[in-house]
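The structure appears below as C-alpha cells.
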Amino acid sequence: ATDGIFLIEADRVLKPGGYFVWTSPLTNVHTFLRDKEKQKRWIFVRDFAENLCWELISQQDETVVWKKTNKKSCYSSRKPGSFPPICSKGQDVESAYYRPLQNCIGGTNSHQWVPIEERATWPFRSNLNKNELELYGLHSEELVVDTANYKTAVRNYWSLLSPLIFSDHPKRPGDEDPSPPYNMFRNVLDMNARYGGFNAALLEAGKSVWVMNVVPTTGPNYLPLVLDRGYIGVFHNWCEAFPTYPRTYDMVHADGLLSLETSQYRRCTMLDLLTEIDRLLRPEVLNQSYQLFKSGHILVPFVVAFCFPVLDQWI
C-alpha cells in the first residue's frame, strides 16, 4: 500500500531487535535504475523503513533484510512530524483481535518491550524466569505446577494411545507398551493452550510434533506468554470456524474448553464446537476427546451421545 500500512503492521508484530526479510523486484538495482517508477517506489519503502527505526543490514539481488530497533530512544530521536507517529496509549493495545490496521507505531508503551538479544536462546527460552513471568502477572510456582501437570498428562496420553495404535499387534505378557511411531502424530492443535504447557511437555518428552496453541477469546489472554516462550499461537473465538482447511490435525487437545465455553452465555452450542473439532481432525485418527470433559463431568452424557453416532473413531 502507498501509505506503508502493511510495513507498520509488520513492525507491530516484530519483537524489538527482530528481522524483516523482503524479496521484491523493486529492490533489484539493475531493474529500478532503468525504471523510474520502480525507483520511486523503492525509495519510498526504504525511507519509510528508516522512519520505523529499521536498520537496513543486508541487500543482495532482490532480497533486503532490515532489523527493527531494540532501543526506544530511536523513536524520540526522529525528526519532528515524522510519519508514522507513535500510537497513543488508547491506540496501543496488546490485543489486535478484530481491530483495523493502524497508521501508528505500536508497542512502545508496553512493559513487554524486551529486545530479542536480552532473551534466552532456544530451548532455554521456553522456561521464563521470575522477572519475565511477572510481566504477565504470574509466579514461577504457577508455571512449575502447570508444567508438572502436563508432563504427567503426556505420559498418560501415550500410555493410553500406544495400545490402541498397535491393537493389531498384541503385546506378550511382560512386554512394555510400544511407543507410537515417531511420525504417527505431527500436527497437534491445543484448543485451550493457557500458558503453552501442553506444547512444552510434548517437546520435553521428545515427541516429534508441531503444536498450534490457541488462546480462546473467552478466557485470559496468555497469547503473549505463549509466544514469548518460543511457541506458535493465535487468539480465536471458538464460536467461529478456525481458519484452516478440513482434516488439518492428527490430534486435538481441548483440556477444559467445553467448561470454559459453557460457563457464560455463548452464541454457539457444544454441538457446534464438537462439529468443528470433527472438521479439523484427519480421518481415522485418534482424538483426545476425553480431555474435553476433564473439568466438567456434567457435559459427558451430551458429548458421548454426539460422539457415538457421528465420531465413532474417537476415543
Which of the residues that make up the range 10-30 are crowded, with 16+ Cβ neighbours inside 10 Å and either β-branched (V, I, T) or assigned to a helix (DSSP H, G or I) (or both)?
A10, D11, R12, L26, T27
The range 31-84 - residue that is outside any loop (DSSP other than H, G, I, E, B) and among the basic types (K, R) and, of those, surrounded by the most Cβ atoms within 10 Å (Cβ to Cβ):
K68
In the same structural domain as G137 (by the TED database), open to solvent by less than 40 Å² (accessible area, probe 1.4 Å) and under 11 Å from V188 (Cβ atoms): is that true of V209 in this structure?
yes
Give all pairs with beta carbons closer than 7 Å in which a residue from the range 1-20 that is in the same structural domain as K40 (by the TED database) meets a residue that is open to solvent by 80 Å² or more (accessible area, probe 1.4 Å) and outside any loop (DSSP other than H, G, I, E, B); count only pairs at least 6 apart in sequence or on separate chains.
G17/E117
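The values are calculated or read from the model by the stated rules, or taken from the named source; none is laboratory data. This structure is a prediction, so every number in the text was calculated from the model and none was measured. Positions of Cβ are generated from backbone atoms using ideal geometry, with glycine treated the same way; all protein chains shown enter the neighbour counts. Side chains are part of the model used for accessible areas, which takes the heavy atoms of the whole protein and leaves out ligands, DNA and RNA. Shrake-Rupley method; radii C 1.70, N 1.55, O 1.52, S 1.80 Å.
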